[in-house]
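Nothing in this text is a laboratory measurement; each read-out follows from the coordinates by a stated rule. Bear in mind the structure is a predicted one, so any value in this text is a computation, not a measurement. Here the Cβ is made from the backbone with ideal geometry for all residues, glycine too, and neighbour counts use every protein chain on show.
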Amino acid sequence: MTFNNLTIVDHPLARRDLTILRDKRTTSLEFRNSIRRISSVLVTAVSQSFKLKKVNIKTPLQKTVGYQLKHQIVLVPVLRAGLSLVESFLEMIPDAKVGHIGIYRNEQTLQPVDYYLKLPRNIKQAKVLIIDPMLATGGSASAAIQFLKNRGAKDITLVCLVAAPQGVSYMNKNHKDVPIYTIALDKGLNPKGYILPGLGDAGDRTYGTM
Ligand code: PRP
Ligand code: URA
């Protein structure tokens, strides 16, 4: 299956860390450490598309031309699980602003339930990265994107670790203007909406709430 708006980030270190994340024996501590490392690979790939502006600077020896990011970057983790990727993104983009969206899936209906929203001002001109490790049915990501569009965001990218084809299709239908970056495109969903083979419940495994 091929999707127009999907970039699969393939890197030996990402494959190594995704294996640790998938392994059910991995402790929460190791899980968080792997997410931190894999997020470094992800942020490097996603930021390839960032635009630059030229700036004039002086080295200790002479004038030269340098570069700055052209657009304000706004990171928007989807609580809870998205939080665990943010520090690695901030490490590489230290002047990014961070908004938060609280959304969880109702376990019976699989419909997204929102409970928190705090965004920086002026997201209209910003490049917004929505960060959530799991794209399963696509309901949560789609709802998060709609919140941002309703507040004027125009340049939105979804960043995840593991995506199901159903979630990518759902995004293509509802938000085909939003590029998706993922480390892996998995096979599908089980009847409870979990990604297969997946890595289980990302929030629970990150924070030890199984
Ligand atoms: C997980 C995950 C996504 C969502 C994906 O969150 O972090 O937000 O499920 O599923 P979907 O594509 O079918 O909507 P969860 O509902 O487990 O909330 P939590 O992070 O607070 O545990
Ligand atoms: N949310 C998760 O945390 N894992 C899945 O497999 C699906 C949704």
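If you stretched the chain out fully between residue 16 and residue 192, how much longer would it get, using 0.36 nm times the residue separation minus the C-alpha to C-alpha distance?
Working: separation 176, 0.36 × 176 = 63.36 nm, distance 2.72 nm.
Residue separation times 0.36 nm, minus the Cα-Cα distance, leaves 60.6 nm.
Calculated mean residue ellipticity at 222 nm for the chain: -10000 deg cm²/dmol, from DSSP H runs with n ≥ 4 weighted as -39500 (n - 2.57), summed, divided by the residue count and rounded to 500. When the Cα centres of the range 174-200 and the range 102-138 are compared, how far apart do they sit, in Å? If we compute the Cα centre of each part, the gap is 15 Å. When the alpha carbon coordinates of the chain are projected onto the principal axes, the ranges are 63, 37, 33 Å, largest first. The residue among 183, 159, 208 whose Cα reaches farthest toward the positive pole of the charge dipole of the range 149-210, with charges on the beta-carbon of Lys, Arg, Asp and Glu, is 159.
Computed from point charges on the beta carbon alone (+1 for Lys and Arg, -1 for Asp and Glu), the dipole magnitude for the range 138-205 about its Cα centre is near 200 Debye.
For the chain, a simple Cβ point-charge model (Lys and Arg +1, Asp and Glu -1, everything else neutral) yields a dipole of about 760 debye relative to the Cα centre.
Just going by the charge dipole of the range 45-144, with Lys and Arg at +1 and Asp and Glu at -1 on Cβ, which of 117, 50, 136 is farthest out on the positive end? Result: 50, furthest along the dipole toward the positive end.
Computed on the Cα atoms alone, the convex hull of the range 1-126 gives a volume of 194 cubic angstrom per residue.
Taken along the Cα-to-beta-carbon direction at a fixed 7 Å, the label points for residue 56 and residue 100 span 4.4 nm. Computed over neighbours whose Cβ is under 12 Å from that of residue 75, the net charge equals -2, Lys and Arg +1, Asp and Glu -1. The simple spin-label model puts a point 7 Å past each Cα toward its Cβ; for residue 110 and residue 68 those points are separated by 4.6 nm. Across the cross-link table entries 54/149; 53/173; 53/176; 97/149, which are compared at the Cα atoms, the separations over 24 Å belong to 54/149; 53/173; 53/176. For the options 152, 82, 188, a Gaussian network treatment of the chain with springs between C-alpha atoms closer than 10 Å singles out 152 as fluctuating the most. Note on the range 97-173: antiparallel DSSP beta bridges, both residues inside, total approximately 45 percent of the bridges counted. GNM remark for the chain: springs join alpha carbons under 10 Å apart, and the peak mean-square fluctuation among 181, 67, 116 falls on 67.
Considering only 98, 78, 147, and ranking their Cα positions along the charge dipole of the range 76-155 that arises from unit charges at the beta-carbon of Lys, Arg, Asp and Glu, the one farthest toward the positive end is 147.
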